Amino acid sequence: MLVRARFIRTDRFSGGELRLSSPLCRLGRVPDNDLRFDNDSVSGHHAEIHHLPDGTFQICDLDSTNGTWVNGQRVHAHPLRNGDVVELGEVRLHFRTGDT
């Protein structure tokens, strides 16, 4: 399954585009994550993004210390939509789908 989604990092520590490369993408601070953030406010294994069979995306918090936030609300499991703002500790990411 081709995954056409990415994050645009917009916090003060770094910028750039981070592409999701597989239907299950783990985010966190330690090296074995698919997307790694070198920031002490991010847990070792912080969250996962699931690309579901119906084409939608869901983020799931992995009992992180500082929580996973979508559009200012703390979430445990939450659908992601194009344009959502995801925060993992001090790391701020804008979710984008498709080729735009």
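What number of residues within the stretch 60-69 are in a strand (DSSP E or B) and buried (at least 18 other Cβ atoms within 10 Å of the Cβ)? Quick ask: steps written out before the conclusion?
Here is the first cut: in the stretch 60-69, the residues in a strand (DSSP E or B) are 60-61, 68-69.
With the extra rule that they be buried (at least 18 other Cβ atoms within 10 Å of the Cβ), the set shrinks to 61, 68-69.
Matching residues across the stretch 60-69 total 3.
Of all residues in the stretch 1-26 being over 20 Å from Glu90 (Cβ atoms) and open to solvent by 50 Å² or more (accessible area, probe 1.4 Å), which is modelled with the lowest pLDDT?
Ranking the candidates gives Met1 first.
Given the conditions (1) at pLDDT 95 or above; (2) part of a loop (DSSP other than H, G, I, E, B); (3) of a type outside the set (Ser, Thr, Tyr), report the number of the one that Asn39 does not fulfil.
That leaves (1) as the condition not met.
Which one of these is closer than 19 Å to Arg19 by Cα, modelled with pLDDT of 95 or more and either outside any strand (DSSP E or B) or out of contact with any helix residue (DSSP H, G or I) (no Cβ under 9 Å at 6 or more places or on another chain) (or both): Pro53, Pro31?
Details: Pro53 fails: modelled with pLDDT of 95 or more.
On inspection, the qualifying residue turns out to be Pro31.
How many of the residues making up the stretch 18-56 are hydrophobic (A, V, I, L, M, F, W, C), over 21 Å from Pro79 (Cβ atoms) and in contact (Cβ under 8 Å) with a residue 40 or more places away in the chain?
Of all residues in the stretch 18-56, those hydrophobic (A, V, I, L, M, F, W, C) come to 18, 20, 24-25, 27, 30, 35, 37, 42, 47, 49, 52.
Cutting the leftovers down to over 21 Å from Pro79 (Cβ atoms) gives us 30, 37, 42.
Add one more test, that the residue is in contact (Cβ under 8 Å) with a residue 40 or more places away in the chain, and what stays is 37, 42.
Within the stretch 18-56, residues that are hydrophobic (A, V, I, L, M, F, W, C), over 21 Å from Pro79 (Cβ atoms) and in contact (Cβ under 8 Å) with a residue 40 or more places away in the chain number 2.
One line per residue, one yes/no per condition, for (1) open to solvent by less than 20 Å² (accessible area, probe 1.4 Å); (2) farther than 21 Å from Gly15 by Cβ; (3) in contact with a Cys (Cβ under 8 Å, 6 or more places away or on another chain):
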position	(1), (2), (3)
His46	yes, no, no
Pro53	no, yes, no
Gln58	no, yes, no
Asn71	no, no, no
His76	no, yes, yes
Val86	yes, no, no
His94	no, no, no
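Within the stretch 27-44, which residues are more than 17 Å from Thr10 (Cβ to Cβ) and open to solvent by less than 60 Å² (accessible area, probe 1.4 Å)?
Across the stretch 27-44, the qualifying residues are Gly28, Val30, Asn33, Ser43, Gly44.
Only residues in the stretch 78-91 that are free of Cβ contacts under 8 Å to residues at least 24 places away in the same chain count as the first member; pair them with residues that are open to solvent by less than 30 Å² (accessible area, probe 1.4 Å) and of a type in the set (A, V, I, L, M), Cβ under 6 angstrom, at least 6 apart or cross-chain, and list the lot.
These pairs meet every condition: His78/Ile59; His78/Val70; Asp84/Val70.
The values are calculated or read from the model by the stated rules, or taken from the named source; none is laboratory data. The shown structure was predicted, so the numbers you read here are calculated from the model rather than taken from an experiment. No Cβ is skipped: glycine too gets one built from the backbone with ideal geometry, and neighbour counts run over all protein chains shown. In case anyone asks, the SASA skips ligands and DNA or RNA and just uses the protein heavy atoms, side chains included. Shrake-Rupley method; radii C 1.70, N 1.55, O 1.52, S 1.80 Å.
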